[in-house]
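A quick write-up on the structure given underneath.
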Amino acid sequence: MYQYSISFLFIILLAVNLMFPQLALAEDELQTQFLAQIQSPKQSMSPKAALERLFVSKQIQPDWFASEFLAQVSIVQIRQVIAELKKQLGNYQGIQNNERDYLVLFSQASVPTKVVLNPKGQISGLLFQPPQAKVVSLEEAIAQFKVLPGQVSFLVQENNTTKAELNTRTPLAVGSAFKLAVLQALKSEMASSKKTWKDVVQLIPGEKSLPSGMLQTWPDGSYLTVQTLAALMISLSDNTATDILINLLGREEIESVSPRNRPFLTTREMFVLKGSGNLDLLKRYQTSNESQRRAILREIAKKPLPDVNEFIGTNPVALDVEWFFTAEELCELMKQVADLPLMSINPGVANAENWQQVAYKGGSEPGVLNLTTWLQAKNGKNYCMVATWNNSNAAVEESKFTALYGGVIAKLAANN
């Protein structure tokens, strides 16, 4: 919910990765550049050598990169990204060919990577995909999830069979993964012909929220279709798009999909409650019954949004005021909406090339991390995989958790 709600792609593509997501471009652009690179004259340096040089040299040099690359990503940022990979994933161990791409190997994980060179042998495109921990078995993955501080749930379903489970019926805070419930409620409205994807909604100031997303910066009065709002809610985890849809559907409509979360909060209400200037309001909300909470939400509607900087790099705040789902509930929601094309815009941690179809939604705030993925293998098998981590005492280690999750997905792909 805060910031970028797990696109979680380690990306540099004439841009940079998770640490600078506002600069990242779409992966299909890299594919175009990759094909162009194949057809270009032979470079003075191989892509593998150019990639390896980033990890073995004492100092990464600007002239290793095309000028158009450095125009968007500074050499300081590039050095920071490489250093962060080494820090988070352990000792660098080498580069391995992976079909037409590469795997950057570390002691704790591997990172699928694409690299494009211009005719001068300079890097003009670079993409680090989500890291994959070395997972021998699902039992080993469960053991690694168990030792994380706080509460963790983990579920892997193959078709209708549970292949791995850990605390799958324990409700945990899931951040922006709650948006699956909003989408399911919207889909139900479509099925009953109460709404259509072509319906147009106007953006009003009172519905603007904080990032993640982009609509909070759009002009008041902008017109948007329901289809656009739903796509932004899922692919970019746009909080303003989400709140518009909640208000369009009505809070009670979504509560029928998720009765545990009553009243069903908008993201704007969550930000106001957790703002540093509203601590008394937060305490009242935490100690109130449902009826009293609904009255408090009417007060919140009159309050301004807190400054977005309050929620960057903060410690966990009031994790009891959130959206709570079990892993089983998230899988059920995902199965109901996975067929919608907008669910595949952002594949999350999975490498979409390994699967027939990928549907994804995740969520995060300090102390909360969720990854929910539906996968259709090329042999026709369907998988649902959910992992949630709550730690009220400290921010969660996103890279470690995501690498383990990605390692399980890679193992499932290898078995199909």
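Considering only 161, 228, 170, give the residue with the highest GNM mean-square fluctuation for the chain, with springs between Cα atoms whenever their separation is below 10 Å. Judging by the Gaussian network model, the answer is 161. Lysine pairs in region 294-416 8 or more apart or on different chains: how many have alpha carbons under 22 angstrom apart? For region 294-416, qualifying lysine pairs total 11. Take every Cα pair under 8 Å whose residues are at least 6 apart in sequence, average their separation, divide by the length of the chain, and the relative contact order is 21 percent.
Label separation (residue 225 vs residue 414): 4.3 nm, computed from points 7 Å beyond Cα along the C-beta direction.
Over the chain, the fraction of Cα-Cα pairs per 20 Å bin, rounded to whole percents and listed from the shortest bin up, is 26, 56, 18, 0. Taking Cα atoms only, the orientation of helix 27-39 departs from the longest principal axis of the chain by about 10 degrees. Our summary gives region 128-224 a relative contact order of 14 percent, counting only alpha carbon pairs under 8 angstrom and 6 or more residues apart. Accessible surface for region 239-313, divided over its residues, is 47 Å² per residue with a 1.4 Å probe.
Of the chymotrypsin sites (Phe, Trp or Tyr not before Pro) in region 208-306, not one is in a loop by DSSP (not H, G, I, E or B) with at most 14 other beta carbons within 10 Å.
The angle separating the long axis of helix 290-300 from the principal Cα axis of greatest extent in the chain is about 70 degrees. Residue separation of residue 136 and residue 197 scaled by 0.36 nm, minus their Cα-Cα distance, works out to 17.6 nm of gained length.
Where does region 64-124 land on Rg/Rh, using Cα atoms and the Kirkwood Rh? Intermediate results must be reported in sequence, preceding the final value.
Values: Rg = 12.8 Å, Rh = 12.7 Å.
Taking Rh as the inverse mean 1/r over Cα pairs, Rg/Rh reads 1.01.
Counting only protein heavy atoms and a 1.4 Å probe, region 149-188 has 35 square angstrom of accessible area per residue. The order of 105, 183 by accessible area, most exposed first and with a 1.4 Å probe, is 105, 183. Remark: the residue 276-residue 190 segment gains 27.1 nm on full extension, using 0.36 nm per residue and subtracting the alpha carbon distance.
Take the Cβ-Cβ distance between residue 352 and residue 294 as r, set R0 to 41 Å, and report the resulting FRET efficiency rounded to the nearest 0.05. Can you show the working numbers first?
Numbers: r = 41 Å, r/R0 = 1.01.
Rounded to the nearest 0.05, the efficiency is 0.50.
When all alpha carbon pairs of region 46-204 are counted in 5 Å bins from zero, the resulting P(r) reads 2, 7, 11, 13, 12, 10, 10, 11, 12, 9, 3, 1, 0 %. To the nearest ten degrees, helix 327-337 and the longest principal axis of the Cα atoms of the chain are 80 degrees apart.
In terms of its C-alpha gyration tensor, region 247-374 has a prolate overall shape, because the principal axis ratio a/c (a ≥ b ≥ c, square roots of the eigenvalues) is not below 1.5 and a/b outweighs b/c.
Cβ-Cβ distance of residue 332 and residue 80, R₀ of 45 Å, FRET efficiency by 1/(1 + (r/R0)^6): the value works out to about 0.65. Largest GNM mean-square fluctuation among 378, 400, 179, using the chain with Cα springs under 10 Å: 378. Mean residue ellipticity at 222 nm, helices only, the chain: -10500 deg cm²/dmol; runs of at least 4 DSSP H residues each add -39,500 (n - 2.57), and the sum is divided by the number of residues. Region 142-218 and region 339-412 have Cα centres lying 12 Å from one another.
Each part reduced to its alpha carbon centroid, region 269-284 and region 53-113 end up 41 Å apart.
Expressed as a whole percent, the accessible area of the chain that falls on carbon and sulfur atoms is 50 (1.4 Å probe).
The values are calculated or read from the model by the stated rules, or taken from the named source; none is laboratory data. Computed from a prediction, not measured in an experiment: that's the story for all the values here. Neighbour counts are summed over all protein chains in view; Cβ atoms, including those assigned to glycine, are modelled from backbone coordinates with ideal geometry. Note: accessible area is taken over every heavy atom of the protein model, side chains too, but ligands, DNA and RNA are not part of it. Shrake-Rupley method; radii C 1.70, N 1.55, O 1.52, S 1.80 Å.
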